[in-house]
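The values are calculated or read from the model by the stated rules, or taken from the named source; none is laboratory data. Everything quoted here is computed from the prediction, not taken from an experiment. Note that we place each Cβ from the backbone using ideal geometry, even for glycine, and neighbour counts take in every protein chain shown. Remember, those area values only see protein heavy atoms, side chains included, never the ligands or the DNA or RNA. Shrake-Rupley method; radii C 1.70, N 1.55, O 1.52, S 1.80 Å.
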Amino acid sequence: MRQFYALFLLLVISHTGWSQSIAVATAHPIGTQVARQVLEAGGNAYDAAVAAHFALAVVLPRAGNIGGGGFALIHTFGGEARALDFRETAPQAATRETFMVSGENIPPSSLRSIQASGVPGSVAGMWELYTAYRSGRFTWAELLQPAILLADTGFAMTPFLADLLLHTPHIAEQEGSPFYRQVPWQAGDRLTQHVLAQTLTDIAAMGPEGFYQGLHAARLVDWSQGWFTPEDIGLYRAVWRAPLSMVYRGYNLYTMPPPSSGGVALIQLLKGSDRPANRFGKRWKGEAIHDFTELAHRVYQDRTYYLGDPDYMEVVPGALMDDGYLANRFADIEQDRHVPIAWNQSHTELESNETTHFSILDSAGNAIAITTTLNGLFGSGLWVDGYFMNNEMDDFATQPGVPNQFGLIGYEVNSVAPGKRMLSSMTPTILVDGSGNKVVLGTPGGSTIITNVFQVVLHHVRYQKTLEEAVHIKKVHAQGLPEKLFYEVGALTPRWQKKLKALGHPLEAWKQIGRFQAVSSFEAVADVTRSGDSQGYFYSDGVKSKRK
Ligand code: DON
């Protein structure tokens, strides 16, 4: 019998290519700690993700949420890859015209109003994840327990959160909310959220019915003054989708399909960067950044023209990722000058700043990448029943051709319609090599998410940098419109800047791009070099590392 177990263990280890290890990276030390405790108590990555998601809804109020939505990408120990879509939906009252200026009519803001919010998807998403992939070691209520305690008994504010509240008066001055204070918050002050604790307690006791039906749903309906009906809320469903995938330099890469644009765009960029006509070579340099920018402009144009809620798309993702299509699409890129691309609202059809990401990998090799959001910082800023509501409606093309808060434009495929999901850029992604080793990735950053994930994959896989180096490298970004090459301070040497300007790229410096959270079978890399409270934890056969 003993021999059998030894053989079984050997099989498991050789199958997965690794031994006892866990890796977590989240945007808050308490989120990381909660996930770690669940894993150390024998829970799997999916149990840990549910507990961390609810804990982040308490300790990371700017982005962690129950009033928002998101996406999860999973790759199990057994090799199953799935994508979970818990994106918000537009309520029945929403129409194509809701946010359009017409005549004297002043429409509601798609960023700061009741109508800025879609029906939240996070609670339904976490329930789906729990029911489909739980280890069985924890009940749903047990996984919510850390969040309830953190809300009820409070937690110490980090310097980052205290400072943020100082600079967001519309949050700190909202009477009735726990964030209201007449004197400024200080680091170390205790923040308790009793109303949130009660809402979470009811979700813990009743499952999603505790949020989408009964008392809490009724409160949301009342608060919304007719924007949400009980049916809008009661009928919300999270959806499992087939991930998009490709083989990239020895890895199977799995990423998010529509309603995210992230997966299609990431695969277009990776395939584009492997074209012989490009100069990505063996290291990141001025020529590669020129080629990247020209690719990105075209990729974001496709995003604009073709992507939206999959129920409304006329072009399937496969057509946009097709090698022949991409060869044509990128054929006019010139190596020695930047040529602006033409934008055409009535294009012909193709023939046939706040979100949070966390990544978890358990000892058995179950992986999960979750990007979840309220969209803006603290969402719409409106606090209801213990939590902030999202302002995800701004991710629709609220007015055709008019840029949203990320400078992104859109047309019909992403126009507002009842029940529809708004197009996203969130790109949770997992790579698996031939030995079963995994890399689990993602970041916030609105439109920059896609190019950020691309650059981390490029640096880690193509340029053979460690995951830590790939995450911390200073990033660049381009998205077609505005017609610019954005760069994080420090990303471009003076020589590269000169060269790129000479090629015709208008440059613009940004302080920070994203806040990446990545783990692999060998590392946990939280984005500690950029502002925020990120923390990673990695343990493997006695080797611990917290900082990375
Ligand atoms: O879904 C999207 O693409 C946006 N709502 C994400 C917003 C975001 O990442 C803001 N964070 N910095």
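Every residue, every condition in (1) of a type in the set (S, T, N, Q); (2) touching a Ser or Thr at 6+ places or on another chain (Cβ under 7 Å), yes or no:
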{"site": "318", "(1), (2)": "no, no"}
{"site": "331", "(1), (2)": "no, no"}
{"site": "334", "(1), (2)": "no, no"}
{"site": "342", "(1), (2)": "no, no"}
{"site": "374", "(1), (2)": "no, no"}
{"site": "380", "(1), (2)": "yes, yes"}
{"site": "389", "(1), (2)": "no, yes"}
{"site": "396", "(1), (2)": "no, yes"}
{"site": "403", "(1), (2)": "no, no"}
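If we scan the range 206-213, do we find a residue that is among the small types (Gly, Ala, Ser) and out of contact with any Asp or Glu (no Cβ under 8 Å at 6 or more places or on another chain)? Break it down into steps so the answer makes sense when it comes.
Going residue by residue through the range 206-213, those that are among the small types (Gly, Ala, Ser) are 207, 210.
Restricting the remaining residues to those that are out of contact with any Asp or Glu (no Cβ under 8 Å at 6 or more places or on another chain) gives 207.
For the range 206-213, residues among the small types (Gly, Ala, Ser) and out of contact with any Asp or Glu (no Cβ under 8 Å at 6 or more places or on another chain): present.
Evaluate the following for residue 480: is it at pLDDT below 95 and either over 26 Å from residue 290 (Cβ atoms) or within 16 Å of the ligand (Cβ to nearest atom) (or both)?
Working: at pLDDT below 95: yes; either over 26 Å from residue 290 (Cβ atoms) or within 16 Å of the ligand (Cβ to nearest atom) (or both): yes.
For residue 480, the condition - at pLDDT below 95 and either over 26 Å from residue 290 (Cβ atoms) or within 16 Å of the ligand (Cβ to nearest atom) (or both) - is met.
Quick check on the range 227-242: of everything there that is among the β-branched types (Val, Ile, Thr) and more than 16 Å from the ligand (Cβ to nearest atom), which residue is least open to solvent (accessible area, probe 1.4 Å)? Spell out how you get there, then give the answer.
Going through the range 227-242, the residues among the β-branched types (Val, Ile, Thr) turn out to be 229, 233, 239.
Those still in the list that are more than 16 Å from the ligand (Cβ to nearest atom) too: 229, 233.
Numbers: 229: 47, 233: 1 Å².
Per the stated criteria, the residue is 233.
To keep it simple, each residue is scored yes or no on (1) more than 11 Å from the ligand (Cβ to nearest atom); (2) not assigned by TED's automatic domain parsing to the domain that holds residue 236.
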| site | (1), (2) |
| --- | --- |
| 359 | yes, yes |
| 373 | no, no |
| 378 | yes, no |
| 383 | yes, no |
| 387 | yes, no |
| 408 | no, yes |
| 411 | yes, yes |
| 435 | yes, yes |
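Does the range 380-401 include one or more residues that are touching a helix residue (DSSP H, G or I) at 6+ places or on another chain (Cβ under 8 Å) and β-branched (Val, Ile, Thr)?
yes
If we only count strands (runs of 3 or more DSSP E) wholly inside the range 15-95, which ones have 2 or more residues that are open to solvent by 10 Å² or more (accessible area, probe 1.4 Å)?
Numbers: elements: 21-26, 69-75, 81-86.
The strands (runs of 3 or more DSSP E) meeting that bar are 81-86.
Can we say residue 392 is of a type in the set (Asp, Glu) and within 16 Å of the ligand (Cβ to nearest atom)? First the steps, then the outcome.
Values: of a type in the set (Asp, Glu): yes; within 16 Å of the ligand (Cβ to nearest atom): yes.
The answer is yes for residue 392.
Residues are listed down the side, and each one gets a yes or a no for (1) open to solvent by 10 Å² or more (accessible area, probe 1.4 Å); (2) under 30 Å from residue 309 (Cβ atoms); (3) assigned to a strand (DSSP E or B):
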{"residue": "97", "(1), (2), (3)": "yes, yes, no"}
{"residue": "100", "(1), (2), (3)": "yes, yes, no"}
{"residue": "131", "(1), (2), (3)": "yes, yes, no"}
{"residue": "152", "(1), (2), (3)": "yes, no, no"}
{"residue": "165", "(1), (2), (3)": "no, no, no"}
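Need pairs with beta-carbon distance below 7 Å; first residue small (Gly, Ala, Ser) and within the range 226-240, second not in a helix (DSSP H, G or I); sequence gap 6+ or separate chains.
Note: pairs meeting the criteria are 226/93; 234/213; 238/84; 238/85; 238/86; 238/121.
For the range 508-548: of the residues being outside any loop (DSSP other than H, G, I, E, B) and open to solvent by 40 Å² or more (accessible area, probe 1.4 Å), which is modelled with the lowest pLDDT?
Going through the range 508-548, the residues outside any loop (DSSP other than H, G, I, E, B) turn out to be 508-510, 517-520, 524-526, 535-540, 543-545.
Right, trim to open to solvent by 40 Å² or more (accessible area, probe 1.4 Å) and you get 508-510, 535, 539, 543-544.
Details: 508: 97, 509: 97, 510: 96, 535: 96, 539: 94, 543: 65, 544: 61.
My answer is 544.
For the range 416-433, name all the residues that are under 27 Å from residue 311 (Cα atoms), away from the ligand (no atom under 16 Å from the Cβ) and surrounded by fewer than 23 Cβ atoms within 10 Å (Cβ to Cβ).
Of the residues in the range 416-433, the ones under 27 Å from residue 311 (Cα atoms) are 416-430.
Add one more test, that the residue is away from the ligand (no atom under 16 Å from the Cβ), and what stays is 417-419, 430.
Matches in the range 416-433: 417, 418, 419.
Return yes when residue 475 is open to solvent by 60 Å² or more (accessible area, probe 1.4 Å) and in the same structural domain as residue 430 (by TED's automatic domain parsing) and no when it is not. Spell out how you get there, then give the answer.
Numbers: open to solvent by 60 Å² or more (accessible area, probe 1.4 Å): no; in the same structural domain as residue 430 (by TED's automatic domain parsing): yes.
Judged against the criteria, residue 475 is not a match.
Which one of these is among the polar types (S, T, N, Q) and within 16 Å of the ligand (Cβ to nearest atom): 245, 224, 260, 273? I'd like the intermediate steps shown before the answer.
On the way: 245 fails: within 16 Å of the ligand (Cβ to nearest atom); 224 fails: within 16 Å of the ligand (Cβ to nearest atom); 273 fails: within 16 Å of the ligand (Cβ to nearest atom).
Sole residue among the options that is among the polar types (S, T, N, Q) and within 16 Å of the ligand (Cβ to nearest atom): 260.
Quick one: in the range 276-300, which of the residues that are in a loop (DSSP other than H, G, I, E, B) and either open to solvent by less than 10 Å² (accessible area, probe 1.4 Å) or closer than 18 Å to residue 459 by Cβ (or both) is nearest to the ligand (Cβ to nearest atom)? Explain how you work it out, then say what you get.
From the range 276-300, those in a loop (DSSP other than H, G, I, E, B) are 276-285; that's our starting set.
From the residues that got through so far, the ones that are either open to solvent by less than 10 Å² (accessible area, probe 1.4 Å) or closer than 18 Å to residue 459 by Cβ (or both) too are 278-285.
Values: 278: 26, 279: 30, 280: 26, 281: 30, 282: 31, 283: 29, 284: 23, 285: 28 Å.
By that ranking, first place goes to 284.
Go through the range 301-356 and count every residue that is polar (S, T, N, Q), open to solvent by 40 Å² or more (accessible area, probe 1.4 Å) and either at pLDDT 95 or above or closer than 24 Å to residue 500 by Cα (or both). Spell out how you get there, then give the answer.
At the first step, the residues of the range 301-356 found to be polar (S, T, N, Q) are 301, 304, 328, 335, 344-346, 348, 352-353, 355-356.
Imposing the further condition that a residue be open to solvent by 40 Å² or more (accessible area, probe 1.4 Å) reduces the set to 328, 335, 344-346, 348, 352-353.
Add one more test, that the residue is either at pLDDT 95 or above or closer than 24 Å to residue 500 by Cα (or both), and what stays is 328, 335.
Residues that pass the stated criteria total 2.
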